[in-house]
There are 4 protein chains.
Amino acid sequence: MGSIFGQLFRISTFGESHGGAVGVVVEGCPPGLEISIDEIQTELDRRKPGQSSIVTARGEPDTAEFVSGLFEGRTIGTPICIVVRNKDARASDYERWKDLYRPSHADYTYDAKYGIRNWSGGGRASARETIGRVAAGAIAKKILGERLGVEVLSWVSRVQDISAIVDGETVTLADIESNIVRCPDQAVAERMIARIKDVKSQGDSIGGTVDCVARGVPAGLGDPVFDKLEADLAKAMLSLPASKAFEIGSGMEGTFLKGSEHNDRFVNRDGRIGTTTNRSGGVQGGISNGETIHLRVGFKPVATILMPQMTVNDKGEEAELLPRGRHDPCVLPRAVPMVEAMVALVLCDHYLRQLAIRPEGAPLTAWPLSPT
Amino acid sequence: MGSIFGQLFRISTFGESHGGAVGVVVEGCPPGLEISIDEIQTELDRRKPGQSSIVTARGEPDTAEFVSGLFEGRTIGTPICIVVRNKDARASDYERWKDLYRPSHADYTYDAKYGIRNWSGGGRASARETIGRVAAGAIAKKILGERLGVEVLSWVSRVQDISAIVDGETVTLADIESNIVRCPDQAVAERMIARIKDVKSQGDSIGGTVDCVARGVPAGLGDPVFDKLEADLAKAMLSLPASKAFEIGSGMEGTFLKGSEHNDRFVNRDGRIGTTTNRSGGVQGGISNGETIHLRVGFKPVATILMPQMTVNDKGEEAELLPRGRHDPCVLPRAVPMVEAMVALVLCDHYLRQLAIRPEGAPLTAWPLSPT
Amino acid sequence: MGSIFGQLFRISTFGESHGGAVGVVVEGCPPGLEISIDEIQTELDRRKPGQSSIVTARGEPDTAEFVSGLFEGRTIGTPICIVVRNKDARASDYERWKDLYRPSHADYTYDAKYGIRNWSGGGRASARETIGRVAAGAIAKKILGERLGVEVLSWVSRVQDISAIVDGETVTLADIESNIVRCPDQAVAERMIARIKDVKSQGDSIGGTVDCVARGVPAGLGDPVFDKLEADLAKAMLSLPASKAFEIGSGMEGTFLKGSEHNDRFVNRDGRIGTTTNRSGGVQGGISNGETIHLRVGFKPVATILMPQMTVNDKGEEAELLPRGRHDPCVLPRAVPMVEAMVALVLCDHYLRQLAIRPEGAPLTAWPLSPT
Amino acid sequence: MGSIFGQLFRISTFGESHGGAVGVVVEGCPPGLEISIDEIQTELDRRKPGQSSIVTARGEPDTAEFVSGLFEGRTIGTPICIVVRNKDARASDYERWKDLYRPSHADYTYDAKYGIRNWSGGGRASARETIGRVAAGAIAKKILGERLGVEVLSWVSRVQDISAIVDGETVTLADIESNIVRCPDQAVAERMIARIKDVKSQGDSIGGTVDCVARGVPAGLGDPVFDKLEADLAKAMLSLPASKAFEIGSGMEGTFLKGSEHNDRFVNRDGRIGTTTNRSGGVQGGISNGETIHLRVGFKPVATILMPQMTVNDKGEEAELLPRGRHDPCVLPRAVPMVEAMVALVLCDHYLRQLAIRPEGAPLTAWPLSPT
C-alpha cells in the first residue's frame, strides 16, 4: 500500500535508490495525446542529481524509456510504463551503515514497519522514487495545458531566512529556470545560492519553502468534503520527501486576520465571475473558483549531513555515524519540479473526475458565468 | 465522489445542513468492540452548536442514533450507520440569499461544479457534515485506546495573535475541557474568550490554530511514498472546513534551521528506541517512530460575518449581502473535536493496514526495540 | 470492507435483517436528476416480501425515505441516503437457533470471520440487505434511461427444470410483471408457479435461472483487463445471495462450438456497426459493442427449508435444527429486481467512467460508426 | 482504469502484445518473503507460447526480470516490478488488418472506447497481458503456501464435449503437468489432444472448461455483501480473455436440485467443523468455510481462426479478413496457470484483509472450531 496515487488519473511508482531501476505506471491517461519521451526527459532533467554545483554529485543521467502505453507517438488509453535505470548505484557505499539508524532518516521506521529494509541509500525512502512522479507529472501537465490551458509553475520562495518576492500571476518558466536555485527574484537568488554553497562547505544542510501556482484552472474542480482540492494538494505535498508544512492561499498569515479583512469579494470580470482578492488561494469549499491556485510547501533541512552524529544501531546500542559520500545541501531547487508534478497530477485527476460529474454537454472552461 | 475517507477503516458521511438528517456509515470496524451511543454522544456534544456563549446559537441537540452494525452492545464487523436528525433547520431563512454568492463561501463553486445547489445554510458545505466525522472518530478513538493505549488530544493553541504555551506530552482532556475555548493554558484562555466575545459583538470573525497530539502510537504506522502518515493527516486536516495550513513536528519553524540543528538523535530509552528531540513530530519517512505525533492546523476566520458585504448574484450582477441570523465568531473551540476525530480516523486506518502487513505473530506495540 | 460497490457511481449499503433499518448511501450521482421517492418505491415493491402467494409472508411494507442528497426534487451531486425501517423484525424468533449453524447458511462463516454474529434472521447476510441495492438501482436505471435510452430488464428464465423461451430483444416490463413468478412466457409461468407452490407445501425450496438484458447500451462502456464489463457484471451477480453461476452471451453452451461457428460477424446496419449474431452477449474484450447485453444467473435452492436437519452447534456438538417461521420457497421472482438493479449499477458506473475517458466533445451514443 | 486488481495485495499490469515489454507491479506483498526469479519463471513457462504442439508457435521465451522490490532475495514491503521483454513481436504482420474489425475480437470496441488503437496483435487486449498476472500469481501462491498451507490447482476439465473425471480433493500438480493439455485424466487427455490437433489442422478453434480447487483455505476469508469471495473469484475469472461462464460449487447443476438435496450438512471432523458434502464449493455467504474451494470457468473457442471471414472495416464497409500467422487452436492448456494465478491473487488479497479484521492474537488456521 502507499505507492498508488489518484483516482482516475492514477500513478503507481516503483523502485529503490540503489536497485535496478525506478519508474512509474500511469493509468487513466486520456487516449490520443501526443507525447514524446523528450517531454518527459525535460522534466526529469530539472530533477536530476548533478545538474548544478548546489545539488548532490551523484552521476545519474536519469534517462527515461517508454515501456508501454504509446502507439505511433500517441497515448492509447492503456497503462503507460516509464522506466529509468539506475546507473550510479553504489549500494556497497552504504554497507558500513547497514546496522545504524541515521538520525531523522527512515531507517528505523522502515525496520519497525517491515522488519526488513534495503539499507542502501534509503531504498524506497530515497528521493529517487520521485522520478516516477516527475515523469507522470509531465504527462499531466501536457493534458492540462492542451485541454484547459492550465499552467503549473513552482519556484523557491525562501531559503532558510532569505525570502523572494514573486508575483504568482505573471512569473514565467523562463524566470524560474534562469538560475540554478530556481528563484525568479534574481537578486535574492544570488544570496540563496551563496547561502547554500556556504552550508554545503560546512557539510550541513538547510531548508525553506517552495511556492506553486496553477493558472487558468476552470471553476468546478475538486470534490466536497474529504477530497477537497486543497486536501488532495496537501496530501500530495506532504507525500514529498522532507516536507513539513503546507499552506493554501492566505495560509498561516490569514489566520491572524478578521473575517471582514479576509473574505474575497466576488465581482463580474467581463462576463466571468472572479474575486478582487485571492486569500482563498483559488479554492472555496474544496472546489476551484477560477482564480489562480496558490500554495506553499515547507521543506526541512535534509537529514543527510556530512558531520559525525550520535545515534543507535538496530540492537539499540549507542553508535557514532561517520558520514561519507554525496549529499544535497538543500532540497529546494530539485523539489521545484516535484511540486509542479504533484500539483499537476492532482489537478489532472480532478479534471477527469469533473468530466464524469458535470451535466452532459456542459462546457468545462475557466470562470464560466453560467455553469450549466 | 469525495464523501468517503479511509482504506480499511472507511467512513462515508451524508447529509446537508438543513436537510432531514446528517450521518455516517463506518465500514471496517473490528468486530467485538463494546461501544455505547453515549460514547458517541459525548464527542458530539463537544462539537454541537449552542454549547457556550462563544459559538453559534443554532439550537441543535445533535442526538445520535445507531441504525445498524451493533448487536447486544458490540460491533459485529458490519457497517455501522449513525444518524443525527436536524431539528433546528430553518431553510427558509436562507431564501433571501438563494441567488447570491456569499464571499468566501462555497455557493459559487458548488454552482460551478454541479450547476445546482442547496442554498439553505451551506447545504453539504456546512460544518454540520462534520457530525458524521466526529461520531466515527469516537469509534476510532475507542479502538486506538483499547487496542494500543493511544490517546488523541487537541486544543486551541492560538486565537488570532493570542498564543498559548502547552506541553503536548502532559496535557490532559480535563485541562482542555476546563474552559469554553478549549485552551489548556488558563490565563491565555481568558484572553482568548474575551477576544472572541469582542469580535462577536462586532459581527466579525477570527481564526487561529489548533494543535493535536497522538501519544502512545506504536512505531510502524503509515505507508511510504504517497500514503505517508503526515500526508494522510494533512489531507484529513485540510478537508476540515476553514482550514488553510498544516504543520507536522517542527513545521514552518523548522525550515529556518540547519540539518545539524534539526536532526533528532536516536537513543535507547529503557530498551526502546526513541529520540531526544521530536522535530520530526513522531513521523519519519511517512511512518510513525513511536514518539508523540504532533501537528498543527491553521483555521481562517469563518466567512459568515454579520456585516453587509458587496458580491454578485448568479447572473453576475453586483448585489449587497445583508446579513442576518446566527454565526460562529471563531471556529476553533468546535474544531477541536473535529481535529481529534480526523486524526483518530487516520491512525485507526493505518493501524488496521499495519495488521495486514506485519509478519504473522509479530507484536504491534509502542516503541518496539526489535520490530520482528 | 465489502459493503461498497462501484468506482464513480458508488453505493454503500448498511443494515441487518432484524436491526433498526436497512439502507444505502449513493455517491457520485450526477446532479440535476429529477427523481421521486415513488420511483424508488416502485422497484422496492417488486422486491418486497409478502407480495404474492409464492414468496415469504414476512410483513414488511419496505417504505423508503430520502434522508439526504435531494433538493426540490432533484439530485445535487451530494450523497443520497435512503433508509427503510424494519417493521416486522422478530429477532426473538431466532433465539432458539442462536447457537446452531444452519446448513448452507452463513452462520458458521460469519462466526469464523468475526468471532461474533447477529443471530437474528441472518443479520447482515440476509437478503434484506438487497433493499439498498434495489433502491440505488432505481436511480441508476433512471440515469441510464434518461441519458442513454438504455433499458435493463430481467425475468425468470428457468425454475428447476421448467424453462421459458423469451426473446430478449423484444420482451417488455409489462410482459415480465404480468404474473407473480416474473416469467414473460405465460404458459411456462403457470407451470413454474404450480411447481413453486408444490415445493412450498412440502416445506422445501427450489432454484433456477434469471436472465437479464440491457438494450441500447452504447459501444465503449467497460474497461480492459480487470474491470471488463463482463467481469464487473459477474462480480455483481455473484454478490447476490444464493447465486452460484454466471454466463454472458453464449455462456457454457458456446464452449461446445468451434470458433468458425461462434464468431459474431460485423456488418453495417444503416450506418452503425453491428453484428449478425450476438454470441458475445454485447461485450467484446470487456467493452460493450452496442449490441444487447445478455447475461444469465443461476440461483441455488434457498437454504431455509421447513424440514428438520442435522447440523452442529457452535461448540461442534451434533444438534437437530427444527424449523419454524416463514421462508421463500424460490428466490427467483424477488431476485428479478435485484439482478436488474445490479446490472444497472454496473452500467451506470462504467458510463460515468467513460465520460472521463473519451475525448472532449465526443458523442456517447449507441453504436457510433465513427467513435471519435 | 481497469489495469489494477486487488485491495491490499494489489497488482497493476502493463504492456501491449507487440510493444516493448509487458509486466506487473505488485503492491502490498508482505515483507520478508524469500522468492527467486526462478519461481516466477516456472509459472511463466506453463503459460508461454510455443511450449507444445497444441499451442501457438510464437517464439517467446518470456524471460522475467525483477526490477524492484527485492533485497538480498527477500521482499521488503515495497512494490515489486517484474518485466518481460517482447522478443518475437511482429507488429508489421498486422498492418494488413489495421483497418479491419476482426470478428469477436476487441478491435472495434477499443476503437469505440478510445478512438485510437494499437492494431498490432490485439495490443492491450492480447493474452500477453496475462504474463503480469501469472508472475504476480506466483508470488501469491508462495505466500498462501508458506503462511497457510493453501494449494491452488487448475486443470482442463472439458474440451468441447470431451469431459474428464477428476477428484479435486486429491489431484496433484504432477498429474496436471503430465500431459500437454493439462488434464489429469490421462485417457481423456489423449482424446482432448487429438481433438485439438484435428481442429488446428482445419484452422479452426475450440473451447471448453477449466476447473480449479484451492485446498486448505482457512474459514473466514471473504467479505460479506459485494466483496464475497465467490464474487471476487467470478470477477477474476471473467477478466480472463475468452471466458464466458463461471460456476462455484454445485454451479448450474445445483440449480436443478431442491434445498433438501442441496444443503451441506455440518459435522464435527476431529475437532474441526466441516461439511459432509460441498455443494457450497467452500464458500457460504461469501466467506470461506474451510472446505475446498471449487470453481469452473467456461472458455469460448478463441476468435482467431485461420479461415476467411467476412467483416467490416473502420469505415463500416464490408471487407474480407484473410487470415495468416500463428494461432492458439484452444486456449485451455495455457489458461490453466492463468486461472490458478487469479484464484491465488484473490485468496491472498482476502487473506491480508482478514489479518486486518480478526481480533488481535486470534489464530488464522484452517477449520478453526472456535474462531476467537
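The values are calculated or read from the model by the stated rules, or taken from the named source; none is laboratory data. What you are looking at is a predicted structure, and each value in this text was computed from that prediction instead of being measured. Please note: Cβ atoms are built from the backbone with ideal geometry, for glycine as well, and neighbour counts cover all protein chains shown.
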**Q.** the range B:211-231, residues that are among the hydrophobic types (A, V, I, L, M, F, W, C) and in contact with a Phe, Trp or Tyr (Cβ under 7 Å, 6 or more places away or on another chain)
**A.** B:Ala219, B:Leu221, B:Phe226
Q) Residues that are at the interface with chain D (Cβ under 8 Å from one of its Cβ atoms) and either closer than 30 Å to D:Pro329 by Cβ or aromatic (Phe, Trp, Tyr) (or both): which strands (runs of 3 or more DSSP E) entirely in the range C:148-260 hold 2 or more of them? A) C:243-248
(Q) Name the single residue that is modelled with the lowest pLDDT among those in the range B:17-43 being in contact with a helix residue (DSSP H, G or I) (Cβ under 6 Å, 6 or more places away or on another chain) and closer than 22 Å to B:Pro333 by Cα. (A) B:Ser17
Q) How many residues are more than 13 Å from D:Phe71 (Cβ to Cβ), among the basic types (Lys, Arg) and buried (at least 24 other Cβ atoms within 10 Å of the Cβ) when one looks only at the range A:95-117? A) 1
**Q.** Condition met for C:Glu247 (closer than 17 Å to C:Leu295 by Cβ, touching a Lys or Arg at 6+ places or on another chain (Cβ under 7 Å) and touching a residue at least 12 places away in the same chain (Cβ under 8 Å))
**A.** yes
Q) Pairs under 8 Å by beta carbon, first residue at pLDDT 95 or above in the range C:293-309, partner of a type in the set (Phe, Trp, Tyr) and not in a loop (DSSP other than H, G, I, E, B), six or more apart or different chains? A) C:Leu295/C:Phe246; C:Arg296/C:Phe246; C:Val297/C:Phe246; C:Gly298/C:Phe246
Q: Looking at (1) modelled with pLDDT of 95 or more; (2) touching a Lys or Arg at 6+ places or on another chain (Cβ under 8 Å), find the lone condition where D:Gly220 falls short.
A: (1)
(Q) If a residue must be within 21 Å of A:Met252 (Cβ to Cβ), of a type outside the set (Asp, Glu) and either touching a helix residue (DSSP H, G or I) at 6+ places or on another chain (Cβ under 9 Å) or surrounded by fewer than 20 Cβ atoms within 10 Å (Cβ to Cβ) (or both), how many such residues does the range B:182-209 contain? (A) 11
(Q) Which residue is farthest from the chain's Cα centre (by Cα), if the candidates are limited to the range B:43-59 and must be more than 19 Å from C:Cys81 (Cβ to Cβ) and not in a loop (DSSP other than H, G, I, E, B)? (A) B:Asp45
Q: Just give me the residues in the range A:46-74 being over 30 Å from D:Glu72 (Cα atoms), in contact (Cβ under 8 Å) with a residue 40 or more places away in the chain and out of contact with any helix residue (DSSP H, G or I) (no Cβ under 8 Å at 6 or more places or on another chain), in sequence order.
A: A:Gly69, A:Arg74
Q: Look at the range A:160-177 and say how many of its residues are touching a helix residue (DSSP H, G or I) at 6+ places or on another chain (Cβ under 8 Å) and farther than 21 Å from A:His294 by Cβ.
A: 1
Q) If a residue has to be surrounded by fewer than 23 Cβ atoms within 10 Å (Cβ to Cβ), in contact with a strand residue (DSSP E or B) (Cβ under 8 Å, 6 or more places away or on another chain) and more than 7 Å from chain D (Cβ to nearest Cβ) to count, how many in the range C:265-275 make the cut? A) 1
Q: Being among the polar types (S, T, N, Q) and surrounded by fewer than 24 Cβ atoms within 10 Å (Cβ to Cβ) is the filter; apply it to the range D:276-303 and report the residue that is farthest from D:Thr56 (Cα to Cα).
A: D:Thr276
Q. Considering only residues of the range C:18-42 that are over 11 Å from C:Thr63 (Cα atoms) and away from chain B (no Cβ under 14 Å), which is nearest to the chain's Cα centre (by Cα)?
A. C:Glu39
Q. Does D:Val55 fit the bill of being away from every other protein chain (no Cβ under 14 Å), surrounded by 21 or more Cβ atoms within 10 Å (Cβ to Cβ) and not small (Gly, Ala, Ser)?
A. yes
Q) A:Ile273 is checked against (1) assigned to a loop (DSSP other than H, G, I, E, B); (2) at pLDDT below 95; (3) not basic (Lys, Arg) and fails just one. What number does that condition carry? A) (1)
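Rundown of residues vs (1) touching a Lys or Arg at 6+ places or on another chain (Cβ under 9 Å); (2) under 18 Å from A:Asp88 (Cβ atoms), yes/no style:
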residue: A:Ile11; (1), (2): yes, no
residue: A:Gly20; (1), (2): yes, yes
residue: A:Leu33; (1), (2): yes, no
residue: A:Asp38; (1), (2): no, no
residue: A:Thr42; (1), (2): no, no
residue: A:Asp45; (1), (2): no, yes
residue: A:Gly50; (1), (2): yes, yes
residue: A:Val55; (1), (2): yes, yes
residue: A:Ile76; (1), (2): yes, no
Q | Residue list for the range D:123-132, filter: more than 7 Å from chain C (Cβ to nearest Cβ) and either under 12 Å from A:Ile76 (Cβ atoms) or buried (at least 23 other Cβ atoms within 10 Å of the Cβ) (or both) | A | D:Gly123, D:Arg128, D:Thr130, D:Ile131, D:Gly132
Q: Output the residue which, of all residues in the range C:288-317 that are outside any loop (DSSP other than H, G, I, E, B) and farther than 27 Å from C:Pro337 by Cβ, is farthest from the other protein chains (Cβ to nearest Cβ).
A: C:Asn313
Q | the range B:85-122: number of residues that are facing chain A (nearest Cβ under 9 Å), within 17 Å of B:Arg326 (Cα to Cα) and not in a loop (DSSP other than H, G, I, E, B) | A | 0
(Q) Here's a check for you: in the range B:213-260, which residue that is within 17 Å of B:Ile287 (Cα to Cα) and basic (Lys, Arg) is surrounded by the fewest Cβ atoms within 10 Å (Cβ to Cβ)? (A) B:Arg215
Q | Subset of the range B:250-285 (residues that are in contact (Cβ under 8 Å) with a residue 12 or more places away in the chain and among the hydroxyl-bearing types (Ser, Thr, Tyr)) | A | B:Ser250, B:Thr275, B:Thr276, B:Thr277, B:Ser280
Q) Can A:Leu364 be described as modelled with pLDDT under 95 and more than 23 Å from B:Ala127 (Cβ to Cβ)? A) yes
Q) Going by the structure shown, is C:Arg324 closer than 29 Å to C:Leu173 by Cβ, of a type in the set (Lys, Arg) and surrounded by fewer than 24 Cβ atoms within 10 Å (Cβ to Cβ)? A) no
Q. Name the pairs whose Cβ atoms lie under 6 Å apart, with the first residue in the range B:86-103 and within 15 Å of B:Ala319 (Cα to Cα), the second of a type in the set (Phe, Trp, Tyr), and 6 or more positions between them or separate chains?
A. B:Lys98/B:Trp119; B:Tyr101/A:Phe266; B:Tyr101/B:Tyr108
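Per-residue answers, yes or no, for (1) under 17 Å from A:Ser288 (Cα atoms); (2) among the hydrophobic types (A, V, I, L, M, F, W, C):
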| site | (1), (2) |
| --- | --- |
| B:Trp97 | no, yes |
| B:Ala112 | yes, yes |
| B:Gly123 | no, no |
| B:Lys142 | no, no |
| B:Gly145 | no, no |
Q) Are any residues in the range B:185-230 among the acidic types (Asp, Glu) and under 25 Å from A:Ser243 (Cβ atoms), and if so, which ones? A) B:Asp211, B:Asp223, B:Asp227, B:Glu230
Q) In the set A:Arg326, A:Arg358, A:Arg334, which member is under 30 Å from A:Arg102 (Cβ atoms), modelled with pLDDT under 90 and basic (Lys, Arg)? A) A:Arg326
